[in-house]
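Down below is the structure, laid out as structure tokens.
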Amino acid sequence: MQEPYGQHGRLLAGVLLVGLLAGCLVWAGTMSDDPLSSQYPDEVEVTPSSEAYVGEQVRLGGFVVDTDPVVIATLASGHGRFTLVDANDHLLNSDRPLERDDRVTAVGRLEDDSTLAVERVMTGDSADTRSMIVISLVGGLWVAGRFVRGWRFDSESRAFVPRETRLTVGGVLGKRPTNGRDRRSRPESDHQSDSGSTGEDHTRTRTRTRTAANGGNRRA
């Protein structure tokens, strides 16, 4: 059955799918952890004049500088410190307590100029997040390896077709077998031919020696 749009249609569909996937990844990366957090003042606004936001809902991002209680610094210099009340009880994306140097984003009500009553907290570099990234990477490489070993691109049909013989790991990595072979790895026929050649050479050498010796005797 003939394809309705031919090879060009299939190629266009592939390009559109790849573009859609890339667009979804970019869109997901720009999404906020909390869909409602965009309406709250953030650390850029709150840190210089925190007194003006006391009693309001705010969103503070920074890194942990102390853990008992949890204190974050909103500035890279270590200044702009806020105490996060009950931060570990409202941590959404990790099962472990917050540790020093963890980057966090906290949403809650500012009780005074340096204390935040936390409602929800998210950490950006938790062990769970790193584990998910590593597992996803390994899984992606495994799937890609199986695809390369079992399929190849056919330039005539402009499509991926199954390989007649699956590639080995060395073939995937581009390794080629060496041409040099030692005598132990050569077939028995090669050994026999070598032995035959060697015997013939010895026979010819002995014949030439005898001939030379006879000629010398006759001259004498």
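Return a yes/no flag: does region 96-107 have any residue that is in contact (Cβ under 8 Å) with a residue 60 or more places away in the chain and out of contact with any Pro (no Cβ under 9 Å at 6 or more places or on another chain). Break it down stepwise before answering.
Here is the first cut: in region 96-107, the residues in contact (Cβ under 8 Å) with a residue 60 or more places away in the chain are 105, 107.
Then keep just the ones that are out of contact with any Pro (no Cβ under 9 Å at 6 or more places or on another chain); that gives 105, 107.
Yes, the conditions are met somewhere in region 96-107.
Out of the residues in region 68-127 that are surrounded by 17 or more Cβ atoms within 10 Å (Cβ to Cβ) and assigned to a loop (DSSP other than H, G, I, E, B), state the one that is nearest to the chain's Cα centre (by Cα).
S126
Here are the criteria: (1) open to solvent by 90 Å² or more (accessible area, probe 1.4 Å); (2) modelled with pLDDT of 60 or more. Tell me which single one K175 does not satisfy.
(2)
Might you check whether a residue that is over 13 Å from V121 (Cα atoms) and touching a helix residue (DSSP H, G or I) at 6+ places or on another chain (Cβ under 6 Å) occurs anywhere in region 77-91?
Yes, some residue in region 77-91 is over 13 Å from V121 (Cα atoms) and touching a helix residue (DSSP H, G or I) at 6+ places or on another chain (Cβ under 6 Å).
Can you spot a residue in region 101-118 that is touching a Lys or Arg at 6+ places or on another chain (Cβ under 9 Å), of a type outside the set (G, A, S) and modelled with pLDDT under 90?
Within region 101-118 (the criterion being touching a Lys or Arg at 6+ places or on another chain (Cβ under 9 Å), of a type outside the set (G, A, S) and modelled with pLDDT under 90), the answer is no, since none of the residues qualifies.
What is the residue count in region 45-62 for residues that are hydrophobic (A, V, I, L, M, F, W, C), surrounded by fewer than 18 Cβ atoms within 10 Å (Cβ to Cβ) and over 11 Å from T115 (Cα atoms)?
Of the residues in region 45-62, 1 are hydrophobic (A, V, I, L, M, F, W, C), surrounded by fewer than 18 Cβ atoms within 10 Å (Cβ to Cβ) and over 11 Å from T115 (Cα atoms).
The values are calculated or read from the model by the stated rules, or taken from the named source; none is laboratory data. Worth saying up front: this structure is predicted, and the values here are computed from it rather than measured. Note: ideal-geometry Cβ built from the backbone for every residue, glycine included; neighbour counts use all protein chains shown. Remember, those area values only see protein heavy atoms, side chains included, never the ligands or the DNA or RNA. Shrake-Rupley method; radii C 1.70, N 1.55, O 1.52, S 1.80 Å.
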